[in-house]
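The values are calculated or read from the model by the stated rules, or taken from the named source; none is laboratory data. What you are looking at is a predicted structure, and each value in this text was computed from that prediction instead of being measured. Positions of Cβ are generated from backbone atoms using ideal geometry, with glycine treated the same way; all protein chains shown enter the neighbour counts. Side chains are part of the model used for accessible areas, which takes the heavy atoms of the whole protein and leaves out ligands, DNA and RNA. Shrake-Rupley method; radii C 1.70, N 1.55, O 1.52, S 1.80 Å.
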Amino acid sequence: MAITLSGDHAISAPPLSARLTPAQVWGIVLLTPYLLVFLAFVVYPVSYGLWLARHPASYVALYNDPVFARAAVNTLIFLVIGINIKMLIALFLSGFFAQQRTWIRWLSVIFILPWAVPSIPTILSVRFMLNPEWGVVNQLIFKFTGDDGPNWLNDPTVALAMAIGVHIWKSLPFWTLILITGRLAIPHDLFEAAEVDGASWWQKFRFITWPSMQTLYVTCTLLSMIWTLGDFNSVYLLTGGGPADLTHVLSTLGIRYLRLDQLSLAMASIVCAMPFVLPLVYFMMKRLSR
């Protein structure tokens, strides 16, 4: 590159490396591997998936598939019921585990185990427990009542409820820990002043705890909704989408189409989750930017 001066004289601009400070050079060097990984494992897969789902005929086929409609309804049920129950339980359990007692600390270690242990062994163990022939649940029912237990995963309503329960059980410890940090950040002087004024536990929660944790609770709820939309394990490992493909959600429906060698439908079903995800991401980022 040349910079023209008066007359016909010109001087060459210094190279880019000479115009960068050592800190900037190191910043580029350290950022380059991240950019390469991001391009290879995020940009390329997403772009390729959108390219595969580009045909309008794929969405027409999805619309005409009754399994897709059922999966969309199941996804809404999973989100509305599962997340609200999970976050409400986490909110109140955070108050329990925030107490400074030795036995509560030991109990918290056991409480964290479902979240800490990998999903495959934990969810499959629940599936084995619910087996109608030799599962421990039906064996206990037969031992105490003399009656055979039901086939828990053979009824679509019960099976979906079990999947929601497994999701709550598996992810509840994580959100409880997050909300515990929010509780511990509240100044203890506020509770002492409320205690002197004779406030009940509900008044302390309503006028001190909840206003202090409201932003954290809503942010965690939005983030949990985003992650739950991609929760593949809770449904697929427990029910496999059955019986008769009636418990599929959008995150597992793509696997069904892949098993049927319908790649375009699999990608289209994932793209159809975008109207759920993008508003949640927008509202979460808007809250975090305040």
### Task
Pick out, from the stretch 134-204, the helices (runs of 4 or more DSSP H) lying fully within it that include 2 or more residues that are over 29 Å from residue 84 (Cβ atoms), open to solvent by less than 80 Å² (accessible area, probe 1.4 Å) and among the hydrophobic types (A, V, I, L, M, F, W, C).
136-145
### Message
Of the residues 115, 134, only one is farther than 14 Å from residue 169 by Cβ and either touching a Ser or Thr at 6+ places or on another chain (Cβ under 7 Å) or modelled with pLDDT under 90 (or both); which?
### Response
134
## Note on the structure
Those residues of the stretch 50-95 which are open to solvent by 30 Å² or more (accessible area, probe 1.4 Å) and among the aromatic types (Phe, Trp, Tyr) amount to 51, 59, 63, 68, 92
### Identity of the residue in the stretch 245-290, closer than 12 Å to residue 71 by Cα and in a loop (DSSP other than H, G, I, E, B), that ends up modelled with the lowest pLDDT
273
### Sole residue being among the small types (Gly, Ala, Ser), in contact (Cβ under 8 Å) with a residue 60 or more places away in the chain and either surrounded by 17 or more Cβ atoms within 10 Å (Cβ to Cβ) or on the phi < 0 side of the Ramachandran plot (or both), chosen from 119, 108
119
### Query
Based on what the data block shows, is residue 104 assigned to a helix (DSSP H, G or I), out of contact with any helix residue (DSSP H, G or I) (no Cβ under 9 Å at 6 or more places or on another chain) and among the aliphatic types (A, V, I, L, M)?
no
### Message
Just to verify a result, which residue in the stretch 231-262, among those that are among the aliphatic types (A, V, I, L, M) and touching a Pro at 6+ places or on another chain (Cβ under 8 Å), is surrounded by the fewest Cβ atoms within 10 Å (Cβ to Cβ)?
### Response
244
### Task
Among the residues of the stretch 144-182, write down those that are farther than 24 Å from residue 104 by Cα and among the charged types (D, E, K, R).
147, 148, 155
### Verdict on residue 228 being among the hydroxyl-bearing types (Ser, Thr, Tyr), open to solvent by less than 50 Å² (accessible area, probe 1.4 Å), more than 23 Å from residue 62 (Cβ to Cβ) and not in a loop (DSSP other than H, G, I, E, B)
no
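Out of 216, 265, I need the residue that is more than 20 Å from residue 78 (Cβ to Cβ) and open to solvent by less than 40 Å² (accessible area, probe 1.4 Å). Which one?
Being more than 20 Å from residue 78 (Cβ to Cβ) and open to solvent by less than 40 Å² (accessible area, probe 1.4 Å) holds for just one of 216, 265, which is 265.
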